[in-house]
Each structure stands twice: as structure tokens, then as C-alpha cells.
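The values are calculated or read from the model by the stated rules, or taken from the named source; none is laboratory data. Everything quoted here is computed from the prediction, not taken from an experiment. As a convention, Cβ positions derive from the backbone with ideal geometry for all residues, glycine included, and neighbour counts pool all protein chains shown. Note: areas computed on protein heavy atoms with side chains; ligands, DNA, RNA excluded. Shrake-Rupley method; radii C 1.70, N 1.55, O 1.52, S 1.80 Å.
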Amino acid sequence: MNDLGLPALDTHAHIAPDVTPGQIAALGNAVVFAMTRSLHEANQVKNRPDSSLVWGLGVHPGVAKAREMWDSTQFKDLLHSFALVGEIGLDRRGGAMAEQRSIFKEILTIVRSEPVLVSVHSTGASTEVVRILHETGVQGAILHWFNGDRTDVQGAIEAGAYFSVNAAMSREQIQQFPRERVLCETDFPARKVRSRKPADLDAVEQLLGQTWDVGPQEVRAATWWNLRTLSEQSGAIERLPESVVDTLLFL
Ligand SMILES: [Zn+2]
């Protein structure tokens, strides 16, 4: 906990759908965006009343089984129960690119007019993901662990995208992102990031502090402000858990 008392804000992590209240309490003063990988998983969490987790409605592009179970009608039914869609996107290592593309585009077309946040995966497919954001007119997506080159970053900024960054990313990459578009993530349990648990943001907040030449409290405050802007712009503030909205409104 820092001087401002703002919770750690982890905007991309993976948490088991059957996580217990005790396990959530062990995360400490934190808000975690908890991705699901399939409609099946999303269905398991849709009625959970967790106040410090923002559950995502996801179809992970790299998971063949999740793609197999893709069903736009079921997705639309579930969508009303979520303030966040994720994770979705493209994954060059995942195979079946045509299928991935078609699901990703269909999801973005459904969600572009909905009051939700969207967490997007783009491994090996940065250029194409940015192009699809432009094509589908989706504003304010959160590009997670985005390793696109300068041109891709520029295109993403023009698409209104935000960037959730982690401690495994290079300072050179992070420097390319405008400070008012940056959020923090662990992508827990990603081994490269080395977070001990979701919301363990020490390393990434330090990295951002060095990059911006500010203290960790300022980093945390900045990311909360960025989430507030994005939540207001997207309308997701209507659907976020009450405790998260309280934090956003009392900044
Ligand atoms: Zn992820």
C-alpha cells in the first residue's frame, strides 16, 4: 500500500474461476482485471459478486478449444453481465489465423457500441491487430503486453488504444506509450513477468517510475486516472463493481 492508499491496479491477470474469498483477500488492497479464456469459463464467473475483481468475458485466440466453442449468441447473452471483455485478440503461435481473425472481428463488431473495457492480446500480430481496431472502429481498447514497432504503436494511439504494461517489457518499448494511456498488469501467472501473485505490481511500477522520472505513488495515481478517463469514455463506469467506481470517483 502506498501513501495515497490507492489499491494496486492490475488490468490483466488470470485467476481461476473458482477462486475463494480467502484467496482474493490475500491479494491485499487491489483491483484485478481477471481474464477468462473461453465462454465456458466466463459462464462460471458471470454471477460472482467479487468487489475487487473485474471479470472479463474472453475467447483466448491461442486456445483452440475456446475458438471451437465460439458462439456469438452465447457471447451476446453473457455480455450484459460484464464490464470487461478479455482476453480476445490474435496470436500468431496459436494457428488457425483465419478463424482467429473472424472471431476477433466479430467480437469487436459486437462490443464497439457497448459500455465495456476490452483487453486485447496481439502476440506476433501487432500490425494486424491495430489494423482490425481501425477497421472495426473500436476506440479505447487496452492492448496488453504490446510489442509492436513504432508504426504499430502510432497506429494504436490513433485508434485511441491504451497500453497495459508489465515488468517483462523493455523500457524502450514503454517509452513509446503516452503516459496518459498507460495501465499496469502482471499477466499472472506469466513466468517472464515474475509477479508472485496478481496485483504484485512493484517491479512494473518501479520501471514506470524510472521511465517517467516520478515516484511509485505517482505512477499508481496516474494509472488510476487513466482508467477513470477510459471508463468514462467507454461508459464502462456504469457496469464496474461499486467499490471500483468509488475509487475512480474519489481520485
Ligand atoms: Zn493474458
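Taking first residues from the range 47-61 that are farther than 18 Å from Thr11 by Cβ and partners that are open to solvent by less than 10 Å² (accessible area, probe 1.4 Å) and within 14 Å of the ligand (Cβ to nearest atom), the Cβ contacts under 7 Å between residues at least 6 apart in sequence or on separate chains come to Val59/Ala66; Val59/Ile88; Pro61/Ile88; Pro61/Gly89; Pro61/Leu90; Pro61/Asp91. Selection of first residues in the range 221-232 that are in a helix (DSSP H, G or I) and of second residues that are at pLDDT below 95, restricted to Cβ pairs under 7 Å at least 6 apart or on distinct chains, gives the following pairs, ordered by first then second residue: Ala221/Leu4; Trp224/Leu251; Trp225/Leu251; Arg228/Leu251; Leu230/Gly140. Being more than 14 Å from the chain's Cα centre (by Cα), more than 15 Å from the ligand (Cβ to nearest atom) and assigned to a helix (DSSP H, G or I) is the filter here, so list the residues in the range 178-199 that pass it. Of everything in the range 178-199, those that are more than 14 Å from the chain's Cα centre (by Cα), more than 15 Å from the ligand (Cβ to nearest atom) and assigned to a helix (DSSP H, G or I) turn out to be Arg179, Glu180. The set of residues in the range 10-36 being within 18 Å of Asn166 (Cβ to Cβ), within 16 Å of the ligand (Cβ to nearest atom) and not acidic (Asp, Glu) consists of Thr11, His12, Ala13, His14, Ile15, Val32, Phe33, Ala34, Met35.
Checked against (1) in contact with a helix residue (DSSP H, G or I) (Cβ under 8 Å, 6 or more places away or on another chain); (2) under 22 Å from Phe146 (Cβ atoms); (3) open to solvent by less than 10 Å² (accessible area, probe 1.4 Å), Gly86 passes all but condition (1). For the range 121-154, a residue qualifies if it is free of Cβ contacts under 8 Å to residues at least 40 places away in the same chain and not in a helix (DSSP H, G or I), and the qualifying residues are Ser122, Gly124, Ala125, Gly137, Val138, Ala141, Leu143, Phe146, Asn147, Gly148, Asp149. Of all residue pairs spaced 6 or more apart or on separate chains, those with beta-carbon atoms under 6 Å, a first member in the range 166-178 that is over 24 Å from Ala199 (Cβ atoms) and a second member that is in a helix (DSSP H, G or I) and not small (Gly, Ala, Ser) are Gln175/Thr211; Gln176/Val153.
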